[in-house]
Number of protein chains: 2
Amino acid sequence: MIIIYSGGMDSTVLLYKYAPFIKLAISFDYGSKHNDREFEAAQYHTSKLEIKHIRVALPFINELFKSDLLKSGGDIPKGHYQDLSMKQTVVPFRNGIMLSIACGIAESIGAEKVLIANHSGDHTIYPDCRPTFIGAMNEAMAYGTYTNVNILSPFLNMSKREIALLGNHYKIDWSKTYSCYEGQDLHCGTCGTCVERKEALEGFDNTQYLI
Amino acid sequence: MIIIYSGGMDSTVLLYKYAPFIKLAISFDYGSKHNDREFEAAQYHTSKLEIKHIRVALPFINELFKSDLLKSGGDIPKGHYQDLSMKQTVVPFRNGIMLSIACGIAESIGAEKVLIANHSGDHTIYPDCRPTFIGAMNEAMAYGTYTNVNILSPFLNMSKREIALLGNHYKIDWSKTYSCYEGQDLHCGTCGTCVERKEALEGFDNTQYLI
């Protein structure tokens, strides 16, 4: 199997959970403000677990897509995922694009499954994280390949807090994961993903980004 | 609507059919031996019809995917699409990737539909041209976007000959379309797409590539 791996807490837990079976971890650089920081974090864990890790650049997203998550977009809004303002950080069909590319790579290298770490907390704001999308995309990938590549999305109906608890089981150092949309050295603590991260990691050790 | 446009005969007929409604034509450069020739042909028609036309580079496909259609692959096999050897020219999940990217662009620019020119002759060899794939991908795109972007695939159950007859209705100059997998100045006449093209255009004028 191969994994779509950002270096954030969700996909890092997924990386540890399936580590012995993962043939390749793929980080996508789609021109967001935080892709470089995420990548540093991702490198730390793939290197520790000795998993082959590549970075795939998708510069056309920053050039052609509309989203404040991108370098070409406006300021990152502050607040909770449920807030309407968060919609401006959505990168249209990002998961569809990453899954499609991962699907083609999977078929090319003889891997049957693509791992992705979307979870129930993403459903409100991201249409391409919902079960309806994952179900249809899974069918599209299976029908569209000779080897019937399919999606493994084990966190689909789990909360971020449940993922965090699972991460503690693997003794993950949270300070070595990164997700802040601002892309600065430390997590800003006030953007959508930081708010969500703080809630999920409440009471744990090493929850700031300290690399 | 936007169109995935190679510059081959099928997508050129589709371009003419929906020209007044097309906001953007996208040519993908995925590192195949014939992408540059296709692009010249595509430029000719989008320029003639005054349709905005962009080229999106996907260099990771040539670097990471396995297919003899790519510059990184082996020699192009000769023969008919039905031949087993043709399988080696399949670029894994190419339509899934192009549709996903087009879907994200469509949502970014406020277009609701993505046009694609797959047809019944493609079904034998390309899993991501079949009705089952198009149906599932259509659902994935609609579920995965706020604006429910969807696929328009009007040639899905048409033969290439029927598409060619429709193209004559639009007075398309076939010599200004390109599809040969070899990517030389003239169509080779013996690769899978050339064989199919010759059969479809039999008895018509200007069927060679002469730009």
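What do you reckon, is B:Gly203 within 14 Å of chain A (Cβ to nearest Cβ), surrounded by fewer than 22 Cβ atoms within 10 Å (Cβ to Cβ) and not aromatic (Phe, Trp, Tyr)?
On the way: within 14 Å of chain A (Cβ to nearest Cβ): no; surrounded by fewer than 22 Cβ atoms within 10 Å (Cβ to Cβ): yes; not aromatic (Phe, Trp, Tyr): yes.
So B:Gly203 does not fit the description; no.
So, in region A:118-147, exactly how many residues are under 21 Å from A:Asp10 (Cβ atoms) and in a helix (DSSP H, G or I)? Can you show your working first?
Here is the first cut: in region A:118-147, the ones under 21 Å from A:Asp10 (Cβ atoms) are A:118-135, A:137-138, A:141.
Now drop any that are not in a helix (DSSP H, G or I), which leaves A:120-122, A:127-129, A:131-135, A:137-138, A:141.
Looking only at that region, the number is 14.
Just one of (1) assigned to a helix (DSSP H, G or I); (2) more than 12 Å from chain B (Cβ to nearest Cβ) trips up A:Asp75, so point out which.
(1)
Could you grab me the full set of residues in region A:81-94 that are surrounded by 14 or more Cβ atoms within 10 Å (Cβ to Cβ) and either in contact with an Asp or Glu (Cβ under 7 Å, 6 or more places away or on another chain) or more than 12 Å from every other protein chain (Cβ to nearest Cβ) (or both)?
A:Tyr81, A:Asp83, A:Met86, A:Gln88, A:Thr89, A:Pro92, A:Phe93, A:Arg94 - these are the residues of region A:81-94 that are surrounded by 14 or more Cβ atoms within 10 Å (Cβ to Cβ) and either in contact with an Asp or Glu (Cβ under 7 Å, 6 or more places away or on another chain) or more than 12 Å from every other protein chain (Cβ to nearest Cβ) (or both).
From A:Ala111, A:Ala164, A:Ala102, grab the single residue that is more than 30 Å from B:Gln88 (Cβ to Cβ) and either crowded, with 18+ Cβ neighbours inside 10 Å or in contact with an Asp or Glu (Cβ under 6 Å, 6 or more places away or on another chain) (or both). Spell out how you get there, then give the answer.
On the way: A:Ala111 fails: more than 30 Å from B:Gln88 (Cβ to Cβ); A:Ala102 fails: more than 30 Å from B:Gln88 (Cβ to Cβ).
Answer to the selection: A:Ala164.
Can you report the number of residues in region A:71-113 which are on the phi > 0 side of the Ramachandran plot and in contact with a helix residue (DSSP H, G or I) (Cβ under 7 Å, 6 or more places away or on another chain)?
Just the residues of region A:71-113 that are on the phi > 0 side of the Ramachandran plot, to begin with: A:79, A:93, A:110.
Within this subset, residues satisfying the condition of being in contact with a helix residue (DSSP H, G or I) (Cβ under 7 Å, 6 or more places away or on another chain) are A:79, A:93.
Qualifying residue count, region A:71-113: 2.
What number goes with the only condition from (1) in contact with a Lys or Arg (Cβ under 8 Å, 6 or more places away or on another chain); (2) at pLDDT 95 or above; (3) more than 14 Å from chain A (Cβ to nearest Cβ); (4) part of a helix (DSSP H, G or I) that B:Pro154 does not pass?
(4)
What number of residues within region B:176-193 are surrounded by 20 or more Cβ atoms within 10 Å (Cβ to Cβ) and without any contact (Cβ under 8 Å) to a residue 40 or more places away in the chain?
Residues in region B:176-193 being surrounded by 20 or more Cβ atoms within 10 Å (Cβ to Cβ) and without any contact (Cβ under 8 Å) to a residue 40 or more places away in the chain: 1 in total.
Give the residues of region B:126-147 that are surrounded by fewer than 18 Cβ atoms within 10 Å (Cβ to Cβ), more than 7 Å from chain A (Cβ to nearest Cβ) and more than 18 Å from A:Leu99 (Cα to Cα), sorted by residue number. Spell out how you get there, then give the answer.
Pass one, region B:126-147, residues surrounded by fewer than 18 Cβ atoms within 10 Å (Cβ to Cβ): B:131-132, B:135, B:146-147.
If we keep only those that are more than 7 Å from chain A (Cβ to nearest Cβ) too, we end up with B:131, B:135, B:147.
B:Pro131, B:Thr147 - these are the residues of region B:126-147 that are surrounded by fewer than 18 Cβ atoms within 10 Å (Cβ to Cβ), more than 7 Å from chain A (Cβ to nearest Cβ) and more than 18 Å from A:Leu99 (Cα to Cα).
I need a count of the residues in region B:32-57 that are crowded, with 17+ Cβ neighbours inside 10 Å, assigned to a loop (DSSP other than H, G, I, E, B) and either of a type in the set (Phe, Trp, Tyr) or in contact with a helix residue (DSSP H, G or I) (Cβ under 7 Å, 6 or more places away or on another chain) (or both).
1
Tell me, which residue of region A:58-72 that is in a loop (DSSP other than H, G, I, E, B) and of a type outside the set (D, E, K, R) is nearest to the other protein chains (Cβ to nearest Cβ)?
Step one: list which residues in region A:58-72 are in a loop (DSSP other than H, G, I, E, B), which gives A:58, A:65-69, A:71-72.
Okay, now just the ones that are also of a type outside the set (D, E, K, R), so A:58, A:65, A:67, A:69, A:72.
Working: A:Leu58: 8, A:Phe65: 5, A:Ser67: 8, A:Leu69: 12, A:Ser72: 11 Å.
So, considering only residues that are in a loop (DSSP other than H, G, I, E, B) and of a type outside the set (D, E, K, R), the one nearest to the other protein chains (Cβ to nearest Cβ) is A:Phe65.
When region B:9-31 is examined, which residues are found to be surrounded by fewer than 20 Cβ atoms within 10 Å (Cβ to Cβ) and under 20 Å from B:Glu182 (Cα atoms)?
B:Asp29
Being more than 7 Å from chain A (Cβ to nearest Cβ) and touching a residue at least 40 places away in the same chain (Cβ under 8 Å) is the filter here; which residues of region B:96-117 pass it? First the steps, then the outcome.
Of all residues in region B:96-117, those more than 7 Å from chain A (Cβ to nearest Cβ) come to B:98-99, B:102, B:106, B:109-117.
Hits for region B:96-117 are B:Met98, B:Leu99, B:Ala102, B:Ala106, B:Ile109, B:Ala111, B:Glu112, B:Lys113, B:Val114, B:Leu115, B:Ile116, B:Ala117.
Within region B:71-82, can one find any residue that is aromatic (Phe, Trp, Tyr) and at pLDDT 95 or above? Working first, answer last.
Applying the first criterion (aromatic (Phe, Trp, Tyr)) to region B:71-82 yields B:81.
Still in the running and at pLDDT 95 or above: none.
No: zero hits.
Do any residues in region A:153-175 that are within 23 Å of A:His187 (Cα to Cα) have Cβ atoms under 8 Å from those of residues that are part of a helix (DSSP H, G or I) and of a type in the set (Val, Ile, Thr), where the two are at least six apart or on different chains, and which pairs are they?
These pairs meet every condition: A:Ile163/A:Val13; A:Ala164/A:Val13; A:Leu166/A:Val13; A:Gly167/A:Thr12; A:Gly167/A:Val13; A:Tyr170/A:Val13; A:Ile172/A:Thr12; A:Ile172/A:Val13.
The values are calculated or read from the model by the stated rules, or taken from the named source; none is laboratory data. Note that the coordinates shown come from a computational prediction; the quantities given were computed from them, not determined experimentally. So basically every Cβ, Gly included, is an ideal-geometry build from the backbone, and we count neighbours across all protein chains shown.
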